[in-house]
Amino acid sequence: TMSAAEDAEWLRWVTKQFGSIAGEDKEINLEEFKTALQVKESFFAERFFALFDSDGSGTISLEELLKALSLLVHGNETDKLRFLFQVYDVDELSLLPIWALRRIGVLALTRRGARSPRAGSGSIDPDELRVVLRWCLRESAIALPEERLGDLTLALFEAADKDRSGSITFEELREELEGFPEVMENLTISAASWLKPPLPTERSRQPRYLTRAYWHNHRSKLAFLGGYAGLNLLLFALAALRHAGLGGWVVVARGCGQCLNFNCAFLAVLMLRRCLTWLRVTPIAKVLPLDQHVVFHQLVGYVVLALAAVHTGAHVANFSRLARQDGRHALAEYLLSAGKPQRAPFGSTALGSCSASPVPPAPCPQVFYWTHLSYISVWTLLILHGPNFWKWFAVPGCLFALEKVLGLAWRRAGGLRIVEVNLLPSKVTHLVIERPQFFHYKPGDYIYLNIPAIATYEWHPFTISSAPEQQETLWLHIRSLGQWTNRLYEYFQQPESPSPQPKPLSRSLRGKRCRCWAQVSTGLGETHRLCSIKCYIDGPYGTPTRRIFTSEHAVLIGAGIGITPFASILQSIMYRGRQGCVCPCSSEAEAAVSFQVDFIWINRDQKHFEWFISLLTKLEMEQAEQEPGGRFLEMHMYMTSALSKNDMKAIGLQMALDLLAAKEQRDSITGLRTRTQPGRPDWNKVFGKVAEEKRGKVQVFFCGSPALAKVIRAHCEHFGFRFFKENF
């Protein structure tokens, strides 16, 4: 219920919205109504429009709109259910003009007997229900065969037709809906956001970065940043004190120079991927924020850029002062003096300006690659320019060089072969690569991949989607999002080995590519090919997901192709489960009690679920064979294009899907036992349920879009959960 003030505000809002969409005649026609309602299909727009248009004039006036909306916003459950019943009773023609009947094709339904096309039936028969459910499926972007639609119709009709009369009355529909309390709580038209005034925004009194939860969840990162800033200030102060008598500009230049010694060497430390991967299995990983090394590398790059600019500017200002005092030498003579080279700071600036993003944009990976090779010249100039830089650079420089040599040797020692390619829905390329004999990795690790047939010098990071226990091959699932990944998909899409115009980087290998492959099968939007394409890999490198098997309660959240690292983890869980233990515990009983996994997969549409359905089906089957106390994995599927259960355009469909899933023990969308939930997750409810279970310390692992990562991170901070984001 609304207060008088809220009711007045609602009235003003609706009047304002009406004026923004109505024509010059102050009436809303069907097309304007459909645009405002934001529906995908015309069926429901026309049904709502016909019910709102009480006088059957073909337009809606402000008075008619306010009357209908008052029922939906202020009405009780019976009023809203009556409206829903009228939507589903598609031959209740006393409310529906002839023009609307012709548009939605309902006239055919009313020509079954002597019933007049303008007479209302007051009940819903199976044919009407089937028509409505078909449009519900379209509105939710769900594609099911006609046979399955018939099963859904039968399941809902049998459940609602209590007296077996062959039709559903209003009272029967209300009785059936009472079994779905989550629907009754908020019966509305969710897509019509313009019907409700915007909620007042409540600003938090305390900034997020000053909350106790934020400092607790980011303590290692904040401690590291504090130590990093403190060390830079200390180095600057010590250098400034040593040169205090040489003038202010010299003090600034020397202080920045000392900080540059440290930061330019630290840049190399942050990109020692093999060393960092090794450190992840040591106690140091609990103290240092190793998962943030790419972000810190970017931050230090900006710091080097700023220090180099200030260092150079201070020297220029000092030389300008000396030139004015001397009077015999111009500023240019000081700047070009052999004893005062200023090349290295400018080199650092050039390198830093090309490091704005830790992952290069897809259209210009070559620019990122070639500009970052300038680190060789920058470090060389720094060794020549700074007399003490070599002391800072000796250890990290040697480790960096050793990693590069090992990587180069590993990459070129022996090329591997892509033995199978599966082109999956939504332009996902599944590569099956022969696994090297001594290649050891952990679930969730990633590698760098190079395919000379696509581009000779381009290396791209991809998460390994197969389990370490799979001995013969490695799997990669690659979504086509950029230039290189699109070329990869198109390369294998051709019925024969393609011969595209050679790219500048791959022209020399034009004749070395394998020019034949065998197509195994095509179906359900997938193409399977056997092939023998040469490739190189570099890795593996560790990620935050290595912590999963040391968690007490792990929540894995994948959005779209973000399931890739978790596919490897879930497969590894399956293999370990067959061996009797899924985590490094002292006993199987302890494993069953201490290790719990909630897997949440969010997809935009139905096709995206096809990528890993076979894996998830196997996991469900193996979990079903376990005793109730030994089941440690719960799966939750969400389809964001599907309308939520409390939307009038989807209530019948979601009820039918629930009823059929309960009857068959199988979800109609994915075929899994786990019911696919419509819409987006309610994170407060999801994490609230996890917190109530009290299975131990909760750690949340996410792979997906940065925007969603921010939302989930904020909820994790609220509940006190540890949050880790996968970068690849």
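At a Cα cut-off below 24 Å, give the lysines reachable from Lys391, other chains included and same-chain residues fewer than 8 away excluded.
Lys340, Lys404
For Met271 and Ala409, what does the FRET efficiency come to when R0 = 22 Å and r is the distance between their Cβ atoms, rounded to the nearest 0.05?
Working: r = 18 Å, r/R0 = 0.83.
So, using R0 = 22 Å, E works out to roughly 0.75.
Toward the positive end of the charge dipole of region 379-491, about the Cα centre and with charges on Cβ (Lys, Arg +1; Asp, Glu -1), which of Ile464, Trp484, Val421 goes farthest?
Trp484
Modelling each spin label as a point 7 Å along the Cα-to-Cβ direction, I'd like the Thr211/Leu62 distance in nm, to one decimal.
4.2
By how many nm would the segment from Gln493 to Val711 grow when fully extended, if each residue of separation counts as 0.36 nm and the alpha-carbon distance is taken off?
Details: separation 218, 0.36 × 218 = 78.48 nm, distance 3.67 nm.
Net length gain for the segment: 74.8 nm.
Once the Cβ-Cβ distance between Lys697 and Ser165 is put in as r, and R0 is 60 Å, what FRET efficiency do you end up with, to the nearest 0.05? Let's see the in-between values first.
Working: r = 56 Å, r/R0 = 0.94.
For R0 = 60 Å, the calculated efficiency reads 0.60.
Under a crude label model (7 Å from the Cα following the beta-carbon direction), how far is Thr456 from Ile376 in nanometres?
1.6
At a 1.4 Å probe radius, carbon and sulfur cover how many percent of the accessible area of region 227-336? Spell out each step's value before the answer.
On the way: 3860 of 5410 Å².
Carbon plus sulfur share of accessible area: 71 percent.
Work out, step by step, the length gained on full extension between Lys286 and Gln325: first 0.36 nm times the residue separation, then minus their alpha carbon distance; give nm to one decimal. Walk me through the intermediate numbers first.
Working: separation 39, 0.36 × 39 = 14.04 nm, distance 5.63 nm.
Value of the extension gain: 8.4 nm.
Efficiency by 1/(1 + (r/R0)^6): what FRET value for His440 and Trp390, r their Cβ-Cβ distance, R0 = 45 Å, to the nearest 0.05?
Working: r = 35 Å, r/R0 = 0.79.
Computed FRET efficiency for His440 and Trp390 comes out at 0.80.
Just name one of Met655, Tyr638, Gly704: the one whose Cα is farthest towards the positive end of the charge dipole of region 597-728 (beta-carbon charges, Lys/Arg +1, Asp/Glu -1).
The residue sitting farthest along the positive end of the dipole is Gly704.
By how many nm would the segment from Lys618 to Glu175 grow when fully extended, if each residue of separation counts as 0.36 nm and the alpha-carbon distance is taken off?
Numbers: separation 443, 0.36 × 443 = 159.48 nm, distance 3.79 nm.
Gain on extension, Lys618 to Glu175, equals 155.7 nm.
The values are calculated or read from the model by the stated rules, or taken from the named source; none is laboratory data. All of these numbers come straight from a predicted model, not from anything done at the bench. Using ideal geometry, Cβ is built from the backbone for each residue, glycine included, and neighbour counts are taken over all protein chains shown. Keep in mind that these areas ignore ligands, DNA and RNA; they rest on the heavy atoms of the full protein, side chains included. Shrake-Rupley method; radii C 1.70, N 1.55, O 1.52, S 1.80 Å.
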